Amino acid sequence: MNIALILSGGTGARMYSKIPKQYIEIGGMSIVEYCINKLSLHNGIDAIQIVADLPWHDQIKECFDQRETRNKFRGFSAPGLNRQFSIYQGLKDIKEYAEDSDYVLIHDAARPVISEALITRCLSAAAGHDGVMPVLPMKDTVYYSTDGVKVKSLLNRNEIYAGQAPELFQLGAYYEANKKLLPDQILKINGSTEPAIIAGLDIVMIPGEESNFKITTKSDLERFRKMIEETTL
């Protein structure tokens with residue numbers, strides 16, 4: 001079984017919005033609904049778990065109620081103190097109905113331009129590995145600095161990649177990798193794949209997509225709004 005874990009518990013502080021960015025409506029749908037739509041319609045996704053605060057549960061449930069794939073929705077998980085702790089909360093709940101050998105596909109609600117092709121590539125690449133991570137190569141020259149003022153060294157951009165979501169992991173191994181980081185180290189984790197790397201799991205990289213950007217700032221929001229307007233014209 002393949003379970004999608006959608007992270008929709010963020011507050012979107014950098015957006016300076018009255019509501020979390022994932023619940024902002026663009027083109028007649030909230031941002032998180034675009035993710036729900038893509039993941040629920042994919043034939044390779046069997047179940048969906050969502051990390052979200054209680055005040056937004058009814059709105060999310062409505063997204064599923066309007067779809068023939070509403071039976072894929074399995075429940076909500078409570079947000080944690082940071083993104084990785086939210087993932088851990090979701091993993092704990094998923095383990096109540098899934099096997100350790102199943103896979104969990106972790107995606108941010110704030111990445112609404114996820115494609116069917118990328119989901120398929122993640123699922124297809126999992127065989128023989130503990131996890132899969134989409135990446136983009138670095139196009140610009142990359143420098144290293146310890147103080148943010150002086151350049152210390154030039155990094156080889158051919159060996160550096162930018163990670164994207166969704167990231168796919170075998171449930172049992174990834175859950176244990178996160179559990180070992182409790183209670184404090186998990187709060188220092190910045191990326192979903194980091195616990196897997198710390199645990200020595202086998203994570204394979206696949207090509208990501210430039211269009212699969214995360215809405216973090218107002219300019220990102222306007223970029224997405226423009227994409228939707230151009231699509232519906």
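Being assigned to a loop (DSSP other than H, G, I, E, B) and charged (D, E, K, R) is the filter here, so list the residues in the range 35-87 that pass it.
Asp46, Asp53, Arg67, Glu68
Exactly one condition in (1) in a helix (DSSP H, G or I); (2) at pLDDT below 95 is not met by Asn190; state its number.
(1)
If you go through the range 174-193 one residue at a time, how many are under 19 Å from Asp130 (Cα atoms), surrounded by fewer than 18 Cβ atoms within 10 Å (Cβ to Cβ) and touching a residue at least 24 places away in the same chain (Cβ under 8 Å)?
Matching residues across the range 174-193 total 2.
Considering only residues that are over 15 Å from His129 (Cα atoms), assigned to a helix (DSSP H, G or I) and not polar (S, T, N, Q), which ones fall in the range 196-225? Lay out the reasoning, then the answer.
First pass over the range 196-225, keeping only residues over 15 Å from His129 (Cα atoms): 198, 207-225.
Then keep just the ones that are assigned to a helix (DSSP H, G or I); that gives 198, 218-225.
Residues satisfying the conditions are Ile198, Lys218, Asp220, Leu221, Glu222, Arg223, Phe224, Arg225.
Name the residues in the range 23-34 that are farther than 28 Å from Ala126 by Cα and not in a strand (DSSP E or B), would you?
Tyr23, Ile24, Gly27, Gly28
Find all pairs meeting these conditions: Cβ atoms under 6 angstrom apart; at least six residues apart or on different chains; first residue within the range 88-108 and free of Cβ contacts under 8 Å to residues at least 40 places away in the same chain and at negative phi; second residue among the polar types (S, T, N, Q) and surrounded by 15 or more Cβ atoms within 10 Å (Cβ to Cβ).
Gln89/Ser77
List the residue pairs whose Cβ atoms are under 9 Å apart, where the first residue sits in the range 215-233 and is at pLDDT below 95, the second is exposed (fewer than 14 other Cβ atoms within 10 Å of the Cβ) and in a helix (DSSP H, G or I), and the two are 6 or more positions apart or on different chains.
Filtered contacts from the range 215-233: Thr216/Arg14; Thr217/Arg14; Lys218/Arg14.
Among the residues that make up the range 101-122, is at least one of them closer than 21 Å to Ser30 by Cα, surrounded by fewer than 17 Cβ atoms within 10 Å (Cβ to Cβ) and among the hydrophobic types (A, V, I, L, M, F, W, C)?
No.
Residue-wise test of (1) under 28 Å from Glu229 (Cα atoms); (2) within 15 Å of the chain's Cα centre (by Cα); (3) of a type outside the set (Lys, Arg).
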| residue | (1), (2), (3) |
| --- | --- |
| Ile50 | yes, yes, yes |
| Cys63 | yes, no, yes |
| Lys72 | no, no, no |
| Phe85 | no, yes, yes |
| His107 | yes, yes, yes |
| Pro112 | yes, yes, yes |
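Among the residues of the range 73-100, count how many are touching a Leu at 6+ places or on another chain (Cβ under 8 Å) and of a type in the set (D, E, K, R).
Number satisfying all stated conditions: 4.
The values are calculated or read from the model by the stated rules, or taken from the named source; none is laboratory data. All values reported here derive from a predicted model rather than from experimental measurement. Cβ atoms come from the backbone with ideal geometry, glycine included; neighbour counts cover every protein chain shown.
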